[in-house]
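Peer 1: Questions regarding the structure given below will be posed in turn.
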Amino acid sequence: MGRSSTQRDLTAHTTSIRCTTELLDGMTALVWDFGDYHSPIRRAWRELGSTAAQNKKWIKGVQDADPFLVPYSIAVTVLQQITDGYVYLDKYLAFMVTLNPVEPETLKTVFTYLEGIVRRVPLDEIPFMDQPTLARLVADVAPQERSLAENILQSEDGKPASPDGWAYEAVKWHVAKKLAAKPFLDRAVEPVREPYEAANGKTQLRTVDWKPSDNVAAVQYRPISNGDLIAWEQPIGPIFANLAHPVDLGEADKARPENPTRGQVQYAMSRLSVKMATYTAEPNPVLNLNAHIRRVNNTVIHASTVLVDQGADRPLLSVSLDGRGLRQTNKHALEILAKMDADRSSLNAIEERVTDERNRLNLKDENGKRIDILTPPPGSIRPTMPKTDSFAVGTGPGIYHLSLLREHVERSFGDTASLLDLKSKGNVFGKRAHEPTTAAEEKEKRQKKKDGEYVDLVGKPSPEGIRRSIKEAGYDKLRILCLWYQDATLTRMIHGLAHTYGLDPHDIDPGPDGEDTYPLADGIEAVFCNAEALLEHGPGTQRAADAQKITGKFAGPDVLLAAWCETEIPVRGEEHEGMKSAEVKAALAENDAKHQVVREFAKTVVPSQFLVGREYDPFTKTFSTVKKPAKAFEDHRVHMGLLDLYRSCGVVDDRFERALYLDDDPYPLPRIAFCGIHIRKQATDYKFKGQPKRIICASAIIPSADPNGPWRMIGWSNIHPQWEHYTLAQSNFHAANYPLHTQDGEGEIQRWALAGDDVRTALQELHDELDGLPYALMIDGHASRRVWPGLHNNKQGLGEDPDDPRLWLPASGLPQSWNPISIIRMNCAQAEMPRLVAVTEKQKNGKTITVKTSSDLYYPEDRPEGHPWFLFTEPRNYGKKRHGQWKTRWRADPGKASKNADERKENELNSPWYSMTTREITPMHTREGYDRETLAVAAARLSHQALSWSDRTRYPAPLHAALQMDLGHPQYRRSAPKDPESVEILREAIGGDV
């Protein structure tokens, strides 16, 4: 399938600012350098952490009610209070950075009390104990006033810019203060309308454009101690939506209903973030600015972070709360502040609210119903909350807010700000199988959707493509085992398969006993079997026998058996009464039939996929059966589930041949394989000593030697380190337990080094599978940055570090011919990506027009050697409503509920608002004879043509398949990383909540 050869001249305008001498002029910070890993002060810090761990009480492997004995948490909370708030302490005590001085004696006092508390010395005796080593060492370090420009910008020797960790923190504070110095102008736009003659012959008006109006609201953002900014005085919520903008909080108090519902009083705030990032071939770092919606929690005790207003002369303080379940401020920090006679009024205010909420938590009305704690009016203490599906204010600020942010940057910084713009030649993708190629096909598709007929909206693989892929893997037949227990689910399965294979659903008869096979296409058939006992949640003592009975009945020689199973999400029941929430969560996970069935089927190499048949409503506490929608194409779970089942079956069909090898392609790609390596660290579990094992999954997509032949997909994991057909590799991985922590005393660096060794072994053995075919390696550079130093931006062009035990590159030490022809480093972390504001296109007649969105591949205009590419993507749901395209959330319409459809108005306030997503694609260490741009285009195409999704995946297909192998493991939820950074990496990788 070809593409248009017409090239366009596109420029993407972003909210990113280049770091320059002019921008950073006059910006300084005070830096305490505590030395390298082996310095005495950092060794003393580690020893203090070990002492804290030993002094915690344990009951049955779970920490007791004193979760606050964490030196870092205590120190940060105290330092925030005794400074102006602009303070950052490195978790490993590598450095401390502030904007204003802190007296040595003050630091000595803080760390003296800290060490005394950790060592369980009575509080009154701490001043009289022998002076602790750590306190003395910290106080002896003299802070240096450092210039941000000297540290951040490229040095004269031409080496890549390599800012120190402290600079990443301090630069955010300076930028935030600059942005807060001027009001943010929220300018409304108004439609430009023109008359047209409607079908009924009447003249009507239609919107053809939008233009700025004279309606401008000045919003004041305030800095936060973490370097973000927030519109503190301009909340967003139902109460404020009907008031004047900018809002008057006094008027808002009057507008609060007398007996409000939870949703009526919920609100959020607009937040701006600043994060410095480096890119290959960019001489200096870039500051990426983004807009967000920060929701306010109704309680402090259920929040992990609280924002506190300490007056206009200080930044809003971001206070991290401690505990599990019901949270509160660090009690040891309060003790230290009391002994130091330091101001702790803000923390005391938080504690007073914590006490009040705990007292109100279990209050019940006259009917015995628990009384809900409603969100109070905006005050000086505002607990924040993560994303949730049910909230009065939706997620996302919208793309128009980003355009206003760019204007705000220009006003705040003037000529000192050099905003990052990117270029593109336009579309590099061919039409996917489910996308119409002509106007007639588009019209036919619209008519079919209108009539409720089946339309392929997901890009299903063709039956012939499935059959060829299965045959190439060594099987003669694919047998889909449909396991159900509700008639409605059986109906949905039948219709899903019938539509996929062009059959009439009424012609598919599962048979009276569920043992008959039904042919779907040549080499593909289905079996429909009632398996309620197998699929029912519970301990499942007979589950292994039930699974063996089913697979034994339907397996056959040269048959790939795949199970499509009904399931439902387990919920709390009467049997869990009296149990703590953590115990309930563990019990539900233990009795979840889905994970048990995955394991049992994996033992016999049967890939499985699950379809939700019943949904639970937490408000009514009832289940409802999911029924077949009226329109055949609307059962998205069915169609997407089938796609993922095919992925588990290792199906790589002709969709990928068409995606990578287009007719008249300006980016001709040689026949090469693509290998994706997924690496993550297991969750740290304090019940086990030592470092957690790293999980490594890999997949390789191998094209046919000749065009249009069958492709293969193979897989590998460090639990079963052997390249096999993807289905077998995934089954062997899912059938085994995740490894326990390793108790050999080796630390983080050694563990990552071992992970690099495992990958090198995998690449060495991959060479034998490819029969000389070259391959490109794909990794997530952010997730694996601790593994290979040679892929870091600040290491480009430099030699290996002999003191670093890690491999420099994934295939270091292997023969050159066994190395990948390029390492394609991906990055999906949106905080490190340029955010798209708008695109301008220069047309052939010389005119420039503005295009609001783009899903094209962009690059730096000057194209320095080794530069990255950026793939912008319009979110799937953006095109439906386009909320946020021409207004900010402050101007969102709260809507109107009505039985009369003519009077009903949509609630824009609680709808999700979208902006473009970005991912970075950087081919690195590319072998001579291969073109970096062609490889970047290939990576983009492998995201555009997804294995098991109707649209683009964040990762290219091989890396996506490796990730999905891990996400599908029965023990994944127990082993998934809990630290915010790793969670965010995974969330960005899959495009949603983990």
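Peer 1: Can you sort Ile985, Ile230 from fewest to most other Cβ atoms within 10 Å of each residue's own Cβ?
Peer 2: Ordered by Cβ neighbours within 10 Å, fewest first: Ile985, Ile230.
Peer 1: Another question, if that's okay. If the only charges are +1 at each Lys and Arg Cβ and -1 at each Asp and Glu Cβ, what is the size of the charge dipole of the chain around the Cα centre, to the nearest 20 debye?
Peer 2: Roughly 1540 debye for the chain.
Peer 1: When only DSSP loop residues count, what trypsin sites (Lys or Arg not before Pro) in the stretch 829-900 have their Cβ near at most 14 other Cβ atoms within 10 Å?
Peer 2: Here the trypsin sites (Lys or Arg not before Pro) that fit, given the DSSP loop and packing criteria, are Lys844, Lys847, Arg876, Lys899.
Peer 1: With 20 Å as the limit, write out which pairs from Lys182/Lys852; Lys852/Lys887; Lys847/Lys887; Lys423/Lys842; Lys549/Lys594; Lys477/Lys553 have Cα-Cα distances beyond it, or answer none. Write down the numbers at each step before the final one.
Peer 2: On the way: Lys182/Lys852 27 Å; Lys852/Lys887 13 Å; Lys847/Lys887 27 Å; Lys423/Lys842 11 Å; Lys549/Lys594 17 Å; Lys477/Lys553 16 Å.
Listed pairs above 20 Å: Lys182/Lys852; Lys847/Lys887.
Peer 1: At most 12 other Cβ atoms within 10 Å and a DSSP loop assignment: could you name the GluC sites (Glu not before Pro) in the stretch 510-585 that fit?
Peer 2: Qualifying residues, ordered by number: Glu515, Glu577.
Peer 1: Shifting gears a bit: Answer with one residue from Gln447, Phe623, Gln609: the one whose Cα lies farthest towards the positive end of the charge dipole of the stretch 439-650, charges on Cβ with Lys, Arg +1 and Asp, Glu -1.
Peer 2: Farthest along the dipole direction, towards plus: Gln447.
Peer 1: Additional query: So how compact is the stretch 439-650: Cα radius of gyration and Dmax in angstrom?
Peer 2: Radius of gyration, then largest Cα-Cα span, for the stretch 439-650: 18.5, 63 Å.
Peer 1: What ranking of Glu615, Glu407 emerges when the number of other C-beta atoms within 10 Å of each C-beta is taken as an exposure proxy, fewest first?
Peer 2: Listed from fewest to most nearby Cβ atoms, that is Glu615, Glu407.
Peer 1: For n ≥ 4 DSSP H runs only, could you compute -39500 (n - 2.57) per run for the chain, divide by its residues and tell me the 222 nm figure to the nearest 500?
Peer 2: Value at 222 nm, helices only: -9000 deg cm²/dmol.
Peer 1: Of Ser412, Met276, Ala252, which is farthest along the charge dipole of the chain in the positive direction, counting Lys and Arg as +1 and Asp and Glu as -1 at C-beta?
Peer 2: Ala252
Peer 1: Right, next: Just to confirm the filter: which GluC sites (Glu not before Pro) across the stretch 844-946 are DSSP coil and have at most 15 other Cβ within 10 angstrom of their Cβ?
Peer 2: Passing sites in the stretch 844-946 are Glu861, Glu865, Glu903, Glu906, Glu928.
Peer 1: If contacts are Cα pairs under 8 angstrom and at least 6 residues apart, what is the relative contact order of the stretch 439-650 in percent?
Peer 2: Details: 314 pairs, mean separation 55.9, N = 212.
Relative CO of the stretch 439-650 lands at 26 percent.
Peer 1: Enumerate the whole-percent occupancy of each 10 Å bin, from 0 to the last occupied one, for all C-alpha pair distances of the chain.
Peer 2: So the P(r) values, bin by bin, are 2, 10, 18, 23, 23, 16, 7, 2, 0, 0.
Peer 1: For the residues Ser812, Ser608, Ser390, Ser346, what sequence is obtained by ranking on other C-beta atoms within 10 Å, fewest first? Write out the running numbers ahead of the final one.
Peer 2: Numbers: Ser812 14, Ser608 25, Ser390 10, Ser346 21.
Ordered by Cβ neighbours within 10 Å, fewest first: Ser390, Ser812, Ser346, Ser608.
Peer 1: How far apart, in nm, are two points set 7 Å out from the Cα along the Cα-to-Cβ line at Glu583 and at Asp456?
Peer 2: Rounded to a tenth, the inter-label distance reads 5.3 nm.
Peer 1: Which one, His725, Asn708, Gln691, projects farthest toward the positive side of the charge dipole computed for the stretch 661-731 from Cβ point charges (K/R +1, D/E -1)?
Peer 2: Farthest along the dipole direction, towards plus: Gln691.
Peer 1: In addition: Once Rh for the stretch 274-422 is found with the Kirkwood sum over Cα pairs, what is the Stokes-Einstein diffusion coefficient at 37 °C and 0.692 mPa s, in µm²/s?
Peer 2: My calculation gives 173 µm²/s for D.
Peer 1: A further question on this structure: Return the aspartates and glutamates within reach of Lys978: Cα separation strictly under 14 angstrom, same-chain partners fewer than 8 residues apart disregarded; answer none if there are no such residues.
Peer 2: Partners within reach: Asp685, Asp993.
Peer 1: If one computes P(r) from the Cα atoms of the stretch 716-801, what percent of pairs lie at distances over 17 Å?
Peer 2: In whole percent, the long-distance tail amounts to 63.
Peer 1: Please list, or write none, the lysines whose alpha carbon is within less than 19 Å of the alpha carbon of Lys450, excluding same-chain residues fewer than 8 places away.
Peer 2: Lys628, Lys631, Lys880, Lys881
Peer 1: By DSSP, what percent of the beta bridges with both residues in the chain are antiparallel, rounded to the nearest 5? All intermediate terms of the calculation are to be shown ahead of the outcome.
Peer 2: Details: 110 of 141 bridges.
If I count the DSSP bridges inside the chain, around 80 percent turn out antiparallel.
Peer 1: Just the number, please: percent antiparallel of the DSSP beta bridges in the stretch 439-650, rounded to the nearest 5. Let's see the in-between values first.
Peer 2: Values: 8 of 28 bridges.
Among the beta bridges of the stretch 439-650, antiparallel pairing accounts for roughly 30 percent.
Read-outs throughout are calculated quantities, based only on the coordinates presented, and are distinct from any laboratory measurement. The structure presented is a predicted model; accordingly, all values stated were derived computationally and were not measured. Note that we place each Cβ from the backbone using ideal geometry, even for glycine, and neighbour counts take in every protein chain shown.
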